[in-house]
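Below is one structure; the comments refer to it alone.
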Amino acid sequence: MKAKDWAINIWKREEKNWVNRQQDLNYRECLVHPALEKQLRGIRTNNGVFVDLGCGDGTETRFLKRVLEKKGFNQFYGFDINNGFIKKAQDSGKINKGIVFDCGELSDLIKKYELYERADLATSLFVMQDEPNCKGLIAAMQNYIKRKGVLLAVTVHPQFAEQLARKDALKIDNEVEKSKKDDYLYAAKYPITEAGRSPFYVTYFQRALSDYVRMLEKHFHIEEIKGLKPSKQLLAIAEKGKIAPFFEEKHNVYWPKIAEISSTVIIKGVKK
Ligand SMILES: C[S@@+](CC[C@H](N)C(=O)[O-])C[C@H]1O[C@@H](n2cnc3c(N)ncnc32)[C@H](O)[C@@H]1O
């Protein structure tokens, strides 16, 4: 089986679990959203164009639209190769007003919507880890962004994945064919923990942080690399309110590392 087929198959199998995930939404709200808002503080445009590349079911696209509307953005797109996710995004009705969600290869959708070098801001949230050919993905993404436009690339922190692999919580898949020797170190199933039940697994390709930086640097000036871990305050609130995954729980395979090291990394690039 080729790496790309394997990634598509895993998403097909876990699509239902992903759109109904609970704890990951907490993770986003408590840790990822405040960090994204911080990164977006300085951004202002007139009639700005925003593209969310690999938008999944559109949850994050909707969150970002709410933030970006106040910063002069007025065109919003969410694209993904997974048809099931895009259907779900489109089905969300009224709350999607003003966002174009579509499914396909990024290299086709850029033509369909005439978006070549038009975006002031693009996000790629937890997508690079998902793609066997990350170089190709980055090349396709950067085409959307205008000169001096911004890319916020968010991914699982490779060191966190390494810790999960060490305790066998991340299931390494040795059978997956290595499509490009230098594009990932190993393929695996990444656990998504859910309070009260065992994790489900999604597609994952491990790379070193320096590999991501090297690939992005070809097209972007890297402005910031920021690891995300919960503050002591957040951990205390989570412990009290039982907010998964930020407290110790039988099925929480992220614990205790999630409290100790960065589990996510944001890389901010400005298009050359
Ligand atoms: C972990 S999900 C994240 C979804 C969403 N960005 C979020 O943060 O909730 C990864 C998504 O990347 C999409 N994806 C992976 N490779 C892609 C590619 N080459 N082009 C477009 N989407 C891709 C998958 O279909 C999946 O929806």
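The values are calculated or read from the model by the stated rules, or taken from the named source; none is laboratory data. This is a predicted model, so every value here is computed, not measured. Ideal geometry is used to build each Cβ from the backbone, glycine not excepted, and the neighbour counts take in all protein chains shown.
Being within 23 Å of G104 (Cα to Cα), in a loop (DSSP other than H, G, I, E, B) and more than 15 Å from the chain's Cα centre (by Cα) is the filter here; which residues of region 11-67 pass it?
Passing the criteria: only N20.
Name the single residue that is surrounded by the most Cβ atoms within 10 Å (Cβ to Cβ) among those in region 116-151 being within 11 Å of the ligand (Cβ to nearest atom) and outside any helix (DSSP H, G or I).
T123
Which residue, of V19, V67, V49, is surrounded by fewer than 20 Cβ atoms within 10 Å (Cβ to Cβ), over 21 Å from V265 (Cα atoms) and aliphatic (A, V, I, L, M)? Walk me through how you get there before you give the answer.
On the way: V67 fails: over 21 Å from V265 (Cα atoms); V49 fails: surrounded by fewer than 20 Cβ atoms within 10 Å (Cβ to Cβ).
Exactly one of V19, V67, V49 is surrounded by fewer than 20 Cβ atoms within 10 Å (Cβ to Cβ), over 21 Å from V265 (Cα atoms) and aliphatic (A, V, I, L, M), namely V19.
Do any residues in region 122-145 that are modelled with pLDDT of 95 or more and of a type in the set (G, A, S) have Cβ atoms under 6 Å from those of residues that are surrounded by 21 or more Cβ atoms within 10 Å (Cβ to Cβ) and not in a helix (DSSP H, G or I), where the two are at least six apart or on different chains, and which pairs are they?
Pairs that qualify, where the first residue is modelled with pLDDT of 95 or more and of a type in the set (G, A, S) and the partner is surrounded by 21 or more Cβ atoms within 10 Å (Cβ to Cβ) and not in a helix (DSSP H, G or I), are A122/V51; A122/L53; A122/Y144; A122/I145; A122/L151; S124/L53; S124/G54; S124/A153.
Identify the residue in region 219-270 that is of a type in the set (S, T, Y), part of a loop (DSSP other than H, G, I, E, B) and under 18 Å from the mean Cα position of the chain (by Cα) and, among all such residues, is nearest to A195 (Cα to Cα).
Taking region 219-270 and keeping what is of a type in the set (S, T, Y), we get 231, 254, 262-264.
From what is left, the residues that are part of a loop (DSSP other than H, G, I, E, B) are 231, 254, 262-263.
Of the ones still in play, those that are also under 18 Å from the mean Cα position of the chain (by Cα) are 254, 262-263.
Numbers: Y254: 11, S262: 20, S263: 18 Å.
Per the criteria, the residue is Y254.
Just to verify a result, which residue in region 35-69, among those that are touching a residue at least 24 places away in the same chain (Cβ under 8 Å) and out of contact with any helix residue (DSSP H, G or I) (no Cβ under 8 Å at 6 or more places or on another chain), is nearest to the ligand (Cβ to nearest atom)?
V51
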